[in-house]
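Heads up: the structure comes next, in structure tokens.
The values are calculated or read from the model by the stated rules, or taken from the named source; none is laboratory data. Given the structure is predicted, the values throughout are model-derived calculations rather than measurements. Cβ: placed from backbone, ideal geometry, glycine included. Neighbour counts: every protein chain shown.
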Amino acid sequence: MGKLTIIKHVRVFDGETVSGPKTAVIDGSRIGDDSLADDPDPSAVTVIDGTGCTLLPGLIDCHVHIRDAAQLASCASFGVTTVLDMGCIPPEKSVELRAARGPTTWLGVNLPAYEENSRHGKLFKLFGGVTPDHAVHNTDEAAKFVQDRVDEGVDYIKIIADVPGHEQAVLDRIQAEAEKHGKLTVAHTAQYAAFERSLRAGFDVLTHVPMDKAVDETITERMREQKTVAVPTLSMMEGMTNSWVLWGISWLTLSAERNRSFEAALQSVAGMREAGVPILAGTDANNSGIMTIAAGKSLHHELELLVRAGSTALEALRAATSLAAHHFSLQDRGRVAPGWRADLVLVGGKPDEDITVTQQILRVWSAGEEVPVTAVTRETGCAVM
Ligand SMILES: [Zn+2]
């Protein structure tokens, strides 16, 4: 038995439901069995009074763009212990982030597949970091793109399904090749037409929601049938609605995304939820300077927005823990149960009743190691005994 941390009298959200007050145990890098607390060696034990607090699995942000290892490390101080990076520009940066052994785990797609003259193609050209060689122009290049990413060791395959953008045959080929390699596909879909085309291609995860027109039953039923997963990134959709800079860029790049409605985004999430589509928490955190969203901190706002779109607080918590882990095949995390990785967040209060309580962060552990917390916003109990 290694060093134990015993948290007493704490409510526990195990990834599904809340129980307790009870005892929770951290045994090295894993969550231990409660019985370890019965007769511990006092010299190797830290005991914390969790009265009035709730213990959660470490939070997972399913859509980020991380700038560097320092920013990655700071995510954990906000309880975000796993991030899924949905596009690294320049793509070489992914090597450094993948190798970072900080408190936050980075998984990513490296370079996304994009069409050279699409809105994103134009933006990438404008802000640098890619050459025309990086773009996917036809079905042969689609196959090569997937093979190259697989050779780099990516975790998922990302496609920017802009409209106008790739021909349907290119999208279909990316999906077919990714399936061959057993890779999950994630498609950027910020327009209604992009949803239609991406569902036709059969992509596994659709990220963003349209703001030109809310998704309707035709779309949500198809998502349910195809078991498509949604990562709406409401934080980004909200930010885009209010951004004059983005509005200007849309004019410059002749994008159809000029007509934006955050209400359409909220309606889309409500419709997906009603249809039983799994909805995961992702923020699109980035440092682009155009529409910057703070990594780590922003996930808590995303949870608030999911609740605003109709989710219960418990559903929002699942969206950033067990449900995210399940759909992105993270098999060691997202739950509080013996044997699981000890990525944990202790918050002061009941986040299952009031989602804003996730912001009352008292302590964070990553693989059993305590991480300094910077986001404490109020004094509560939970003292070391
Ligand atoms: Zn993104």
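Structure above, values below:
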{"quantity": "G289 vs. criteria outside any helix (DSSP H, G or I), free of Cβ contacts under 8 Å to residues at least 40 places away in the same chain and either on the phi > 0 side of the Ramachandran plot or in contact with a Gly (Cβ under 9 Å, 6 or more places away or on another chain) (or both)", "calculated": "yes"}
{"quantity": "Residue that is nearest to S29 (Cα to Cα), among those in segment 81-114 that are crowded, with 20+ Cβ neighbours inside 10 Å and either away from the ligand (no atom under 16 Å from the Cβ) or hydroxyl-bearing (S, T, Y) (or both)", "calculated": "P103"}
{"quantity": "All positions within segment 334-350 that are part of a loop (DSSP other than H, G, I, E, B) and either at pLDDT below 95 or surrounded by 22 or more Cβ atoms within 10 Å (Cβ to Cβ) (or both)", "calculated": "G334, V336, A342, D343"}
{"quantity": "Set F13, F78: member being within 27 Å of the chain's Cα centre (by Cα) and within 24 Å of G102 (Cβ to Cβ)", "calculated": "F78"}
{"quantity": "Residue check, T312 among the polar types (S, T, N, Q), free of Cβ contacts under 8 Å to residues at least 12 places away in the same chain and either surrounded by 24 or more Cβ atoms within 10 Å (Cβ to Cβ) or within 24 Å of V373 (Cα to Cα) (or both)", "calculated": "no"}
{"quantity": "Total residues in segment 279-304, condition within 25 Å of D204 (Cβ to Cβ) and more than 16 Å from the ligand (Cβ to nearest atom)", "calculated": "2"}
{"quantity": "Residue that is over 18 Å from H120 (Cβ atoms) and touching a residue at least 40 places away in the same chain (Cβ under 8 Å), where the choices are T207, T218, T233, T228", "calculated": "T228"}
{"quantity": "Residue that is nearest to the chain's Cα centre (by Cα) [pool: residues in segment 118-174 that are modelled with pLDDT of 95 or more and basic (K, R)]", "calculated": "K158"}
{"quantity": "Residue, modelled with the lowest pLDDT, within segment 286-330, restricted to residues that are of a type in the set (S, T, N, Q) and closer than 22 Å to D85 by Cβ", "calculated": "S288"}
{"quantity": "Residue under evaluation D61, criteria (1) within 23 Å of K183 (Cβ to Cβ); (2) in contact with a helix residue (DSSP H, G or I) (Cβ under 6 Å, 6 or more places away or on another chain); (3) away from the ligand (no atom under 16 Å from the Cβ), criterion not met", "calculated": "(3)"}
{"quantity": "Within segment 50-83, tally of residues that are outside the structural domain of L303 (by TED's automatic domain parsing) and free of Cβ contacts under 8 Å to residues at least 40 places away in the same chain", "calculated": "0"}
{"quantity": "In segment 261-278, the residues that are outside any loop (DSSP other than H, G, I, E, B) and either within 16 Å of the ligand (Cβ to nearest atom) or surrounded by fewer than 24 Cβ atoms within 10 Å (Cβ to Cβ) (or both)", "calculated": "F262, E263, A264, A265, L266, Q267, A270, G271, R273, E274, A275"}
{"quantity": "Flag for E315 being in contact with a Gly (Cβ under 9 Å, 6 or more places away or on another chain), acidic (D, E) and within 23 Å of S268 (Cα to Cα)", "calculated": "no"}
{"quantity": "Residue in segment 10-31 that is among the charged types (D, E, K, R), outside the structural domain of L317 (by TED's automatic domain parsing) and modelled with pLDDT under 95 present", "calculated": "no"}
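Here is a yes/no grid of residues against (1) modelled with pLDDT under 95; (2) closer than 21 Å to V357 by Cβ:
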| site | (1), (2) |
| --- | --- |
| G52 | no, yes |
| I60 | no, yes |
| H63 | no, no |
| D68 | yes, no |
| Q71 | yes, no |
| T82 | no, yes |
| M86 | no, no |
| I89 | yes, no |
